[in-house]
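Working notes, structure below.
The values are calculated or read from the model by the stated rules, or taken from the named source; none is laboratory data. This structure is a prediction, so every number in the text was calculated from the model and none was measured. Cβ coordinates were reconstructed from backbone atoms using ideal geometry, including for glycine residues, and neighbour counts include every protein chain displayed. Protein only, heavy atoms only, side chains kept; ligands, DNA and RNA dropped before computing areas. Shrake-Rupley method; radii C 1.70, N 1.55, O 1.52, S 1.80 Å.
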Amino acid sequence: TAQHKYLARQAICRMLPDGLLTYVNEAFCQYFEKTISDLVGQSVLPYLPQANEQMNGKMSPENPVVRVESSYKTADGNVRWQQWSFHGLFDKEGIIEELQAAGHDITERKALEENLRFIGMHDNLTGLYNRAYFKAEMERLSNSRNHPVSIILGDVDGLKITNDTLGHAAGDRLLKQTASVLKSAFRPEDVVARVERRAVVEHE
């Protein structure tokens, strides 16, 4: 795709204080699937909404460079992430005259970060929340005003017999099926967790 062709190149644009684009390079055009004539003279905000923050006080002559992460929804409905460096150009009175932004695609990095975050919070076998997340959630609720809080504890009947007679693969399937039933029985905001060999549910 055009986005993947751009991965090794920096997209660069320049804009006036009102957000109108004065320059875009080829990589910027390829990334957003636009032509130069589509972009120059138009607002940058549909592509870089964070530019508005930089032009309205976040950037200063003492701090002329700001780095942000931004997301953009492509025509086919996918969301891609970029990391941008904004560089403000100021006049002698400290008034911003122009803003330049250079960015590169970080979609793959964001996907990896999300995957690592999911792994850190979930049980690998069942996909339920893990013990660490359940403990952290209990501590959060103990310090909140969300009361009463209900906790349901449950064991999977016949799991040891299943493991001993049919093998651990069959036992794993039983745990997965149990997890699926539990998730379907509770609300999205409830926490269904696997703690050791037990499934634990808490809900407000």
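Points worth noting:
- Percent RCO, i.e. relative contact order, over the stretch 84-193, from Cα pairs under 8 Å lying at least 6 residues apart: 21
- Between Lys92 and Glu114, the contour length at 0.36 nm per residue exceeds the Cα-Cα span by 3.5 nm.
- The alpha carbons of the stretch 71-204 stretch over 79, 38, 25 Å along the principal axes, in descending order.
- The largest accessible area among Lys110, Lys58, Lys34 belongs to the first residue in Lys58, Lys34, Lys110, and the rest follow in falling order (1.4 Å probe, all chains).
- 12 Å Cα-Cα reach of Lys34 towards aspartates and glutamates, excluding residues that sit fewer than 8 places from it in its own chain: Glu26
- Across the stretch 121-196, the volume of the C-alpha convex hull divided among the residues equals 90 Å³ per residue.
- Each peptide in 27-33, 13-19, 161-167, 74-80 was scored by the mean count of other Cβ atoms within 10 Å over its residues; highest first, the order is 27-33, 13-19, 161-167, 74-80.
- Most mobile listed residue (Ser180, Ser85, Ser71) in the chain, GNM with C-alpha springs under 10 Å: Ser180
- Share of carbon and sulfur in the accessible heavy-atom surface of the chain [1.4 Å probe, %]: 52
- Taking other residues whose beta carbon is less than 12 angstrom from the beta carbon of Pro61, and scoring Lys, Arg as +1 and Asp, Glu as -1, yields -3.
- For the stretch 85-163, the direction-averaged projected area of the alpha-carbon convex hull comes to 11.2 nm².
- Long-range amide H partners of His122 with built H, under 5 Å: Asn130
- Semi-axes of the equivalent ellipsoid for the stretch 1-122, Cα gyration tensor, largest first, Å: 27, 19, 11
- Around the amide H of Asn25, modelled in the peptide plane, lie the amide H atoms of Ile12, all under 5 Å away and 5 or more residues distant in sequence or on another chain.
- Ordering of 90-97, 127-134 by packing [mean C-beta count within 10 Å, highest first]: 127-134, 90-97
- Counting lysine pairs in the stretch 72-204 that sit 8 or more residues apart in sequence, or on different chains, and whose Cα atoms lie under 26 Å apart gives 6.
- Computed over the chain with a Gaussian network model linking Cα atoms closer than 10 Å, the most mobile of Ala111, Ala185, Ala11 is Ala185.
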